[in-house]
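Trainee: Dropping the structure in here first, questions after.
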Amino acid sequence: MSKLPALRVSYQEQAADHWLDNGEDVLAVFEFGRTPLESTDSRHVPVALPQLGQTKRVEVWQCAGPIKTGRWDLLRFAQGEQLTMGHIALDLRVHGDMRQASRKAYDILQSFLQQSPHQWPLKIWNYVPDINHGSGDDELYRRFCLGRAEAVLIDPGDRPPLPAATAIGAPASEHALQVYFLAASLPGLDVENPRQVSAWRYPRQYGPKSPLFSRGTILRLNGSQQFLISGTASVVGHQTHHENQVASQVSESLRNVSSLLDEGHRLMGDARASLDSDGILKVYIRHPDHLDVIRQTLDVEAPAEIPRIYLQGDICRENLLTEIDGIVNCHAGA
Ligand code: 3EB
């Protein structure tokens, strides 16, 4: 028998307040298309990226309570029995350039985690305004990576546990750099993708500091396993494939997701992650005009059961048109 997952994730049509008012087990409610600077509750996480093409939905995380909430410096958090969600939004008009702001966000995040009962970040989402602005090493994404690497004083060559991550562009009009995460008392099991060069080993051409994340992590709690899938794009080896071909980029991203889940299965033995109705996918889209072709490709190539939303966001390489991340459950013996 597979146990109840430690974290339950879903997309819901009722408004954020409904979940914040009624859920004793609600760890977080993500609301899309709203500035992160206007969070009303420590469990409320407005995300600047607009949702495309569907009735607006919120993302709800639920876990065993009671849930305690609080603040740490500029960070707000919600803490259940075994899991913590934290989020931070730094106003770039106040906190300096992207490198400084990123460094500051990660400094705060780490000082929070050090004193938290749930010290290990499993996945970190980063939403970076105008992410492709600037050229070469001045590009804001690269500046963001630099600040992150300066704060996170680890040598990836030592193979420390690395969280999974997503880094996506928020609208250029957004003022806040947003970072949010899920943490637990034990590190996740890192999974790298055999089809892709590990991001922390990317060659110099992608920037002065490699991005620090694993392709996915597996949360193991109470005999259940959940797979936290990093932002996955049409990258094979370290190179972008299918430049300017949006449908092929979706297919390649899905092949990467499958290969990552297969690798997780290989590492874990009998438990296997599947894209089913217990999980969620987020599909990031650079050009809103591509919504229909992306949606159609996904409808053909990904299981219909898994709930998905489409968010407008720029991808961290100018030649990537789309990216997918998700949280899915693993089933024993499947
Ligand atoms: C890639 O495969 C796409 O900098 O945290 C994906 C997930 C990507 C996370 C990050 C970047 C990050 O390189 C980019």
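Trainee: Of all residues in the range 225-254, which are among the hydrophobic types (A, V, I, L, M, F, W, C) and either open to solvent by 10 Å² or more (accessible area, probe 1.4 Å) or out of contact with any Gly (no Cβ under 7 Å at 6 or more places or on another chain) (or both)? Can you show your working first?
Mentor: Initial filter on the range 225-254 (among the hydrophobic types (A, V, I, L, M, F, W, C)): 227-229, 233, 235-236, 246-247, 250, 254.
Of everything in the range 225-254, those that are among the hydrophobic types (A, V, I, L, M, F, W, C) and either open to solvent by 10 Å² or more (accessible area, probe 1.4 Å) or out of contact with any Gly (no Cβ under 7 Å at 6 or more places or on another chain) (or both) turn out to be A233, V235, V236, V246, A247, V250, L254.
Trainee: Scan the range 114-121 and give yes if some residue there is touching a Phe, Trp or Tyr at 6+ places or on another chain (Cβ under 6 Å) and either in contact (Cβ under 8 Å) with a residue 12 or more places away in the chain or of a type outside the set (D, E) (or both), otherwise no. Walk me through how you get there before you give the answer.
Mentor: We begin by selecting, within the range 114-121, every residue touching a Phe, Trp or Tyr at 6+ places or on another chain (Cβ under 6 Å); these are 121.
If we keep only those that are either in contact (Cβ under 8 Å) with a residue 12 or more places away in the chain or of a type outside the set (D, E) (or both) as well, we get 121.
Scanning the range 114-121 turns up at least one residue that is touching a Phe, Trp or Tyr at 6+ places or on another chain (Cβ under 6 Å) and either in contact (Cβ under 8 Å) with a residue 12 or more places away in the chain or of a type outside the set (D, E) (or both).
Trainee: What pairs come out if I take residues in the range 30-41 that are under 13 Å from D17 (Cβ atoms) and pair them with residues that are open to solvent by less than 20 Å² (accessible area, probe 1.4 Å) and part of a loop (DSSP other than H, G, I, E, B) whose C-beta lies under 9 Å away, six or more apart or interchain?
Mentor: R34/A48
Trainee: Here is a check on your reading of the model: is S185 of a type in the set (S, T, Y) and either touching a Leu at 6+ places or on another chain (Cβ under 8 Å) or over 25 Å from R8 (Cα atoms) (or both)? Before you say what the answer is, go through the steps one by one.
Mentor: Values: of a type in the set (S, T, Y): yes; either touching a Leu at 6+ places or on another chain (Cβ under 8 Å) or over 25 Å from R8 (Cα atoms) (or both): no.
No: the conditions fail for S185.
Trainee: Could you list, in sequence order, the residues of the range 210-251 that are under 17 Å from V191 (Cα atoms), within 10 Å of the ligand (Cβ to nearest atom) and touching a residue at least 60 places away in the same chain (Cβ under 8 Å)?
Mentor: P211, L212, F213, I229, S230, G231, T232, A233, V235
Trainee: Within the range 137-169, which residues are near the ligand (Cβ under 8 Å from one of its atoms) and without any contact (Cβ under 8 Å) to a residue 60 or more places away in the chain?
Mentor: Across the range 137-169, the qualifying residue is only F144.
Trainee: When the residues of the range 42-76 are narrowed to those that are assigned to a loop (DSSP other than H, G, I, E, B) and closer than 16 Å to L20 by Cα, which ends up most open to solvent (accessible area, probe 1.4 Å)? Working first, answer last.
Mentor: First pass over the range 42-76, keeping only residues assigned to a loop (DSSP other than H, G, I, E, B): 42-43, 48-50, 52-57, 63-67, 73-74.
Within this subset, residues satisfying the condition of being closer than 16 Å to L20 by Cα are 42-43, 57, 63-67.
Details: S42: 13, R43: 31, R57: 48, C63: 4, A64: 46, G65: 27, P66: 113, I67: 39 Å².
Step by step, filter the range 42-76, then rank; the result is P66.
The values are calculated or read from the model by the stated rules, or taken from the named source; none is laboratory data. Model, not experiment: these values are computed from the prediction. Cβ coordinates were reconstructed from backbone atoms using ideal geometry, including for glycine residues, and neighbour counts include every protein chain displayed. Keep in mind that these areas ignore ligands, DNA and RNA; they rest on the heavy atoms of the full protein, side chains included. Shrake-Rupley method; radii C 1.70, N 1.55, O 1.52, S 1.80 Å.
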